[in-house]
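For reference, the structure is listed below as structure tokens.
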Amino acid sequence: MSTPAHVIRAPNHVPAGVSESGDGIVVGDGPVRVDAYIDFLCPFCRMFEQASGPVLSDLVADHAIRLVYHPMGFLDGLSTNRYSSRASASSGCASDGGRFVPYAAALFANQPPEGGPGLTDDELVELGGTVGLDIQSFGACVHSGAYLDWTAYVTAEAIRRGVSGTPTVLVEGVAVPANPRTITVAVAAAMP
């Protein structure tokens, strides 16, 4: 008798702007899908954001891509307070306020070092204020941990799909090196 495969259930409460599968935040409406699996504690993800962020923004602005960010809680073990999951959950709150992209950039710009405490929830809320989020509603969302179960789902789905490190970038489902040049070439090749 075989054991049924483990089914990962989407959480009941997901942020505004999620993908069809519920495990990412969609930015843009272009014909080519680009998936970016990120962790806000990952120093390589910060470098990816600094190098590729402007190119991805341009591709979104040009209606070339539909960018799906998958903020994971992959590196929780490298902080003393589950920073990866809490930062991911707070990015879901930022998406509710329509400020996911600037908030994600602010998280990377203020990235704590691995191995210690990450930013506190109060600091995450303060950071939201710097990108134009309403402190009351955003703060309530962050402090309640509204999207911690969503973060667990995003992370579990990524692992189920074979994502073993961050950043991981897929263009139309095909893994590409996480740098602006290869992403741009892959997007151009995938254009209908």
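The values are calculated or read from the model by the stated rules, or taken from the named source; none is laboratory data. The model shown is predicted, which means the values in this text are computed figures rather than measured ones. FYI the Cβ positions are ideal-geometry reconstructions off the backbone, even for glycines, and counts take in every protein chain you see. Accessible surface areas use protein heavy atoms only, side chains included; no ligands, DNA or RNA. Shrake-Rupley method; radii C 1.70, N 1.55, O 1.52, S 1.80 Å.
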Checklist line | Options VAL26, VAL7: the member that is β-branched (Val, Ile, Thr), modelled with pLDDT of 95 or more and out of contact with any Phe, Trp or Tyr (no Cβ under 6 Å at 6 or more places or on another chain) | finding: VAL26
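Here's the yes/no breakdown for (1) in contact with a helix residue (DSSP H, G or I) (Cβ under 9 Å, 6 or more places away or on another chain); (2) within 19 Å of ALA36 (Cβ to Cβ):
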site	(1), (2)
SER91	yes, yes
PHE108	yes, yes
ILE135	yes, no
HIS143	yes, no
THR166	yes, yes
GLY173	no, yes
THR182	no, yes
Notebook entry, point to check: Taking the stretch 59-68 on its own, how many of its residues are under 21 Å from SER95 (Cβ atoms) and open to solvent by 60 Å² or more (accessible area, probe 1.4 Å)?
Noted result: 3
Next item on the list: Can you tell me which residue within the stretch 154-177, out of those that are in contact (Cβ under 8 Å) with a residue 40 or more places away in the chain and assigned to a helix (DSSP H, G or I), is surrounded by the fewest Cβ atoms within 10 Å (Cβ to Cβ)?
Entry: ARG160
Notebook entry, point to check: Could you say whether any residue in the stretch 10-21 is within 24 Å of GLU126 (Cβ to Cβ), open to solvent by 10 Å² or more (accessible area, probe 1.4 Å) and assigned to a helix (DSSP H, G or I)?
Noted result: no
Next item on the list: Give the residue, chosen from ARG46, ARG99, that is in contact with a Gly (Cβ under 8 Å, 6 or more places away or on another chain) and either open to solvent by 10 Å² or more (accessible area, probe 1.4 Å) or not small (Gly, Ala, Ser) (or both).
Entry: ARG99
Checklist line | Top-ranked residue in the stretch 91-104 [being farther than 12 Å from LEU127 by Cβ and of a type outside the set (Gly, Ala, Ser); ranked as farthest from the chain's Cα centre (by Cα)] | finding: ASP96
Margin query: If I filter the stretch 105-122 down to residues being surrounded by 13 or more Cβ atoms within 10 Å (Cβ to Cβ) and not in a loop (DSSP other than H, G, I, E, B), which single residue comes out as farthest from the chain's Cα centre (by Cα)?
Written below: ASP121
Next item on the list: Write out, first by first residue and then by second, each pair whose Cβ atoms fall under 7 Å of each other, whose residues are 6+ apart or on separate chains, and whose first residue, in the stretch 108-130, is under 18 Å from SER95 (Cβ atoms) while the second is of a type in the set (Asp, Glu) and not in a loop (DSSP other than H, G, I, E, B).
Entry: PHE108/GLU49
Checklist line | Total residues in the stretch 26-43, condition crowded, with 24+ Cβ neighbours inside 10 Å, touching a strand residue (DSSP E or B) at 6+ places or on another chain (Cβ under 8 Å) and outside any strand (DSSP E or B) | finding: 2
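Are any residues in the stretch 123-153 more than 13 Å from ARG86 (Cα to Cα), touching a Lys or Arg at 6+ places or on another chain (Cβ under 9 Å), assigned to a helix (DSSP H, G or I) and not small (Gly, Ala, Ser), and if so, which ones?
Residues satisfying the conditions are PHE138, TYR153.
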Next item on the list: Might you let me know whether the stretch 70-79 holds any residue that is surrounded by fewer than 16 Cβ atoms within 10 Å (Cβ to Cβ) and more than 27 Å from GLY162 (Cβ to Cβ)?
Entry: no
